[in-house]
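The values are calculated or read from the model by the stated rules, or taken from the named source; none is laboratory data. Everything quoted here is computed from the prediction, not taken from an experiment. Note that each Cβ is placed from the backbone with ideal geometry, even for glycine, and that neighbours are counted across all protein chains shown. When the accessible area is computed, the model is the full protein with side chains, heavy atoms only, and any ligands, DNA or RNA have been set aside. Shrake-Rupley method; radii C 1.70, N 1.55, O 1.52, S 1.80 Å.
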Amino acid sequence: MTQRKVRVRFAPSPTGPLHIGGVRTALYNYLFARQHSGDMILRIEDTDSQRFVPGAEKYIIDSLSWLGIRFDEGVSFGGEYGPYRQSERKDIYKKYVDQLLNDGLAYIAFDTPEELERTRGEIANFQYDASTRLQMRNSLVLPAEEVERLIHEGHTYVVRIKIEPNEDIHVLDLIRGDVVINSSVLDDKVLYKSVDGLPTYHLANIVDDHLMEVSHVIRGEEWLPSAPLHVLLYRYLGWMETMPRFAHLPLLLKPEGNGKLSKRDGDRLGFPVFPLEWQDPKTGDISSGYRESGYLPEAVVNFLALLGWNPGNDQEIFSIEDMISAFSLSHCSKSGAKFDYEKGKWFNHQYIQLKDNRTLAELFIPILQKHGVESDLAYVEKIVGLMKERVNFVEELWDQAAFFFVAPESYDEKTVKKRWKPESASQLAELVEVLKGCEPFDVEHTEETVKAWIESKEYPLGNIMNATRLALVGAPKGPHIFNITEALGKEETISRLQKAIDILQ
Ligand code: GLU
């Protein structure tokens with residue numbers, strides 16, 4: 001058999017913001033497609049108009065674009081297998097519904113929601129299947145003329161798949177191996193609803209995977225229970241030869257490991273579960289996003305890549321190219337992956353260190369502006385270089401480094417008590433004179449000059465350094481003192497020392 005071209009799809013339903021688990025599914029599809037020089041398709045599965053949420057489709061596209069997960073085909077990308085929005089493919093599905101009906105592999109059912117409700121009340125654990133379908137109102141029971149008449153009179157109906165009981169159905173999963181499910185546990189799922197002329201998810205999904213020549217279906221574990229039905233549909237439609245290979249990814253679990261990760265866990269523990277901020281169009285409620293929380297897209301991608309897949313060694317930092325070559329479905333785990341959001345912060349920290357200072361400065365400048373600070377790029381670059389090691393987020397640079405941009409207005413009281421000695425004012429006044437004559441004012445030379453002066457006076461080094469730091473920073477923090485003086489420059493350093501002398505003496 002000739003090898004098929006790898007074609008994968010990410011097929012979200014636009015029912016709300018894309019969950020971080022969905023992002024991981026998209027990422028794994030992307031890695032797999034790139035690795036095999038295949039195609040990556042974006043298909044929007046919007047056949048359930050009840051659950052349609054305006055803005056969700058755009059949100060999905062924007063999110064994946066922010067993360068650098070690229071598509072070759074699909075909604076907003078074009079391609080030869082379109083349209084890629086299922087609501088625009090109505091006519092395509094009808095033909096296959098008719099085929100299944102003609103082949104006796106599906107049937108028409110007229111049971112109203114009320115009738116179904118009543119039956120559920122009468123029969124314990126009711127399931128619409130081989131054991132019950134002959135007691136229901138459908139084309140298996142009703143005479144053909146009656147079926148014709150009901151349709152003609154405009155009664156709404158659904159088409160259900162006819163599943164034969166007691167057959168072991170095999171789903172060959174690239175992560176889980178041979179998953180066997182007995183057909184008796186399946187119900188005769190609805191494939192089509194006359195009310196809107198639309199197929200349900202199951203039929204549309206299979207028809208489209210077939211017509212779009214999808215070679216691999218890589219999706220979340222929550223779809224595994226549907227897979228036997230999908231296998232049956234492939235068989236019923238005569239498409240077994242080209243049935244895609246399945247891979248069901250492990251669940252993302254709560255940080256504590258008990259149960260599925262939900263938005264509530266994020267709210268409870270203070271981390272986003274969505275890539276971008278999302279405003280609910282109905283309630284106006286805002287959910288936080290990774291982007292707005294200050295994560296770099298590369299960090300999010302790297303973090304997600306390792307939630308369910310491992311490279312087989314202890315490498316953790318992967319460029320996207322490394323990920324593409326290292327990824328493999330056989331190294332995906334079957335058991336759920338704990339969502340360790342602290343690890344997410346760690347990745348952000350790592351990626352901040354990897355970024356050049358220029359790029360970080362460009363990200364930091366808007367934050368400075370938000371605090372009313374205008375500063376030139378070269379200076380911001382220098383400060384970022386000094387301080388980035390200390391932060392997990394660019395935003396945190398402000399907490400760490402504000403004093404480089406704004407002179408202290410006040411001095412930390414506790415530190416004043418402990419570190420400002422009776423002789424500090426006169427010593428710093430002397431230091432001001434020493435600094436005036438210090439040229440060049442760079443780290444090495446200033447340090448050398450100041451230390452020589454301290455030694456000659458036999459002053460305690462610690463006392464002078466602590467008082468100087470207090471004067472320049474306002475608090476007992478910051479990098480090496482002479483990095484601070486160099487960055488601030490002679491004039492500003494002296495002015496801050498002078499100000500502290502005036503206020504604290
Ligand atoms: N529309 C489904 C979803 O929202 C697609 C599942 C699949 O990939 O088959 O995830």
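A compact table of results
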| item | result |
| --- | --- |
| Number of the condition not met by residue 214 [criteria: (1) within 14 Å of the ligand (Cβ to nearest atom); (2) over 14 Å from residue 11 (Cα atoms)] | (2) |
| Single condition residue 19 does not satisfy, out of (1) more than 14 Å from the ligand (Cβ to nearest atom); (2) under 16 Å from the mean Cα position of the chain (by Cα); (3) in contact (Cβ under 8 Å) with a residue 40 or more places away in the chain; (4) open to solvent by 40 Å² or more (accessible area, probe 1.4 Å) | (1) |
| Any hit, the stretch 234-246, residues being open to solvent by 30 Å² or more (accessible area, probe 1.4 Å), outside any helix (DSSP H, G or I) and either within 16 Å of the ligand (Cβ to nearest atom) or modelled with pLDDT under 95 (or both) | yes |
| Qualifying position, being closer than 22 Å to residue 203 by Cα and at pLDDT 95 or above, among 139, 131 | 139 |
| Qualifying residues in the stretch 22-44 (those that are open to solvent by less than 10 Å² (accessible area, probe 1.4 Å) and part of a loop (DSSP other than H, G, I, E, B)) - the one nearest to the ligand (Cβ to nearest atom) | 43 |
| Residue that is among the aromatic types (Phe, Trp, Tyr), more than 14 Å from the ligand (Cβ to nearest atom) and touching a residue at least 60 places away in the same chain (Cβ under 8 Å), where the choices are 192, 201 | 192 |
| Any pair with Cβ under 6 angstrom, 6 or more apart, that starts in the stretch 163-175 at a residue that is closer than 16 Å to residue 240 by Cβ and assigned by TED's automatic domain parsing to the domain that holds residue 215 and ends at one that is hydroxyl-bearing (Ser, Thr, Tyr) and open to solvent by less than 60 Å² (accessible area, probe 1.4 Å) | 167/183; 169/183 |
| Subset of the stretch 304-317 [under 13 Å from the mean Cα position of the chain (by Cα) and either under 22 Å from residue 398 (Cβ atoms) or open to solvent by 10 Å² or more (accessible area, probe 1.4 Å) (or both)] | 306, 307 |
| Given (1) open to solvent by 30 Å² or more (accessible area, probe 1.4 Å); (2) assigned to a loop (DSSP other than H, G, I, E, B), index of the condition residue 61 fails | (2) |
| Hits in the stretch 1-16 (condition: among the polar types (S, T, N, Q) and either crowded, with 24+ Cβ neighbours inside 10 Å or touching a strand residue (DSSP E or B) at 6+ places or on another chain (Cβ under 9 Å) (or both)) | 13 |
| Answer residue from the stretch 215-228, given it is out of contact with any Ser or Thr (no Cβ under 7 Å at 6 or more places or on another chain) and open to solvent by 10 Å² or more (accessible area, probe 1.4 Å) and is nearest to residue 33 (Cα to Cα) among those | 216 |
| Failed item in (1) closer than 25 Å to residue 389 by Cα; (2) of a type in the set (Ser, Thr, Tyr); (3) surrounded by fewer than 18 Cβ atoms within 10 Å (Cβ to Cβ), with residue 485 passing the rest | (3) |
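Per-residue answers, yes or no, for (1) aromatic (Phe, Trp, Tyr); (2) away from the ligand (no atom under 14 Å from the Cβ):
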position	(1), (2)
4	no, yes
9	no, no
12	no, no
52	yes, no
57	no, no
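Per-residue answers, yes or no, for (1) away from the ligand (no atom under 14 Å from the Cβ); (2) among the charged types (D, E, K, R); (3) touching a strand residue (DSSP E or B) at 6+ places or on another chain (Cβ under 9 Å):
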| site | (1), (2), (3) |
| --- | --- |
| 133 | yes, yes, yes |
| 173 | no, yes, yes |
| 181 | yes, no, yes |
| 185 | yes, no, no |
| 210 | no, no, no |
